[in-house]
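The values are calculated or read from the model by the stated rules, or taken from the named source; none is laboratory data. Given the structure is predicted, the values throughout are model-derived calculations rather than measurements. Every residue, glycine as well, gets a Cβ built from its backbone with ideal geometry; the counts of neighbours run over all protein chains shown.
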Amino acid sequence: MVYAVIDTNVFVSALLSKNPESATVKIYEAIADKRIIPLYHKDILNEYYEVLHRPKFKFSEYRIRNLLDLIIKYGVEVFPQPTGEILVDMDDLIFYEVAMEKRDDGSYLVTGNQKHYPIKDFIVTPSEMIEIINSK
């Protein structure tokens, strides 16, 4: 099992995907299978809620609720200390800081937008995260 903060774009891609073999779908499944323990904070849950409810995605309330319930049920709430990091999109700071707070536990940040974050070995793509959990 691996601790990971999952960026919102990963869940959007997973819910939009028609390909059960896509890395983002596999991330979602790995949470359900308890191979990934999602790390979250109320600000992250709020972002998930807001983004997944955007009309352009047309996600059902049932699918959104399932995802949020999965994260809360199998995840760990984290209350991070400020890092002082400056990011391209400061809305992403909470994801970074939650991951940093659990770095001693080997946590990762999984994102499809690596350019939004500093270059660090624990900030990985969904495909890289799948490789990591499959190697454990």
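Check Pro80, Pro118 and return the single one that is more than 14 Å from the chain's Cα centre (by Cα), assigned to a loop (DSSP other than H, G, I, E, B) and surrounded by 13 or more Cβ atoms within 10 Å (Cβ to Cβ). Answer to the check: Pro80. Only residues that are in contact with a Phe, Trp or Tyr (Cβ under 8 Å, 6 or more places away or on another chain) and surrounded by fewer than 19 Cβ atoms within 10 Å (Cβ to Cβ) were counted across segment 16-29, and they come to 1.
Evaluation of Ala32 against the conditions (1) over 18 Å from Ala99 (Cα atoms); (2) surrounded by 15 or more Cβ atoms within 10 Å (Cβ to Cβ) shows that the sole unmet condition is (2).
Yes/no matrix, rows are residues, columns are (1) touching a Phe, Trp or Tyr at 6+ places or on another chain (Cβ under 7 Å); (2) more than 27 Å from Val25 (Cβ to Cβ); (3) of a type in the set (Phe, Trp, Tyr):
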{"residue": "Ile71", "(1), (2), (3)": "yes, no, no"}
{"residue": "Tyr74", "(1), (2), (3)": "no, no, yes"}
{"residue": "Ile86", "(1), (2), (3)": "no, yes, no"}
{"residue": "Tyr96", "(1), (2), (3)": "yes, no, yes"}
{"residue": "Ser107", "(1), (2), (3)": "yes, no, no"}
{"residue": "Gln114", "(1), (2), (3)": "no, no, no"}
{"residue": "Tyr117", "(1), (2), (3)": "yes, no, yes"}
{"residue": "Ile130", "(1), (2), (3)": "no, no, no"}
{"residue": "Asn134", "(1), (2), (3)": "no, no, no"}
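Cβ separations smaller than 7 Å between residues 6+ apart or across chains give the following pairs from segment 8-27 residues that are within 16 Å of Arg65 (Cα to Cα) to residues that are surrounded by fewer than 17 Cβ atoms within 10 Å (Cβ to Cβ) and of a type in the set (Val, Ile, Thr): Thr8/Val51; Val12/Val51.
Any residue at all in segment 28-44 that is over 21 Å from Ile133 (Cα atoms), assigned to a helix (DSSP H, G or I) and basic (Lys, Arg)? The answer is yes; a qualifying residue exists.
Asp91 satisfies every condition listed in (1) without any contact (Cβ under 8 Å) to a residue 40 or more places away in the chain; (2) surrounded by fewer than 15 Cβ atoms within 10 Å (Cβ to Cβ) except (1). Examine segment 99-115 for a residue that is touching a helix residue (DSSP H, G or I) at 6+ places or on another chain (Cβ under 7 Å) and in a helix (DSSP H, G or I), and state whether such a residue exists. Within segment 99-115, none of the residues are touching a helix residue (DSSP H, G or I) at 6+ places or on another chain (Cβ under 7 Å) and in a helix (DSSP H, G or I).
Please enumerate the residues belonging to segment 55-77 that are assigned to a loop (DSSP other than H, G, I, E, B) and either among the hydroxyl-bearing types (Ser, Thr, Tyr) or under 16 Å from the mean Cα position of the chain (by Cα) (or both). The answer is Ser60, Gly75.
Yes/no per residue for (1) surrounded by 18 or more Cβ atoms within 10 Å (Cβ to Cβ); (2) among the aromatic types (Phe, Trp, Tyr); (3) modelled with pLDDT under 95; (4) under 21 Å from Ala14 (Cβ atoms):
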| position | (1), (2), (3), (4) |
| --- | --- |
| Phe95 | yes, yes, no, yes |
| Val98 | yes, no, no, yes |
| Glu101 | yes, no, no, no |
| Tyr108 | yes, yes, no, yes |
| Thr111 | yes, no, no, yes |
| Gln114 | no, no, yes, yes |
| Val124 | yes, no, no, yes |
| Ser127 | no, no, no, yes |
| Glu131 | no, no, no, yes |
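Every listed requirement among (1) closer than 16 Å to Thr8 by Cβ; (2) outside any loop (DSSP other than H, G, I, E, B) is met by Leu87 save one, (2).
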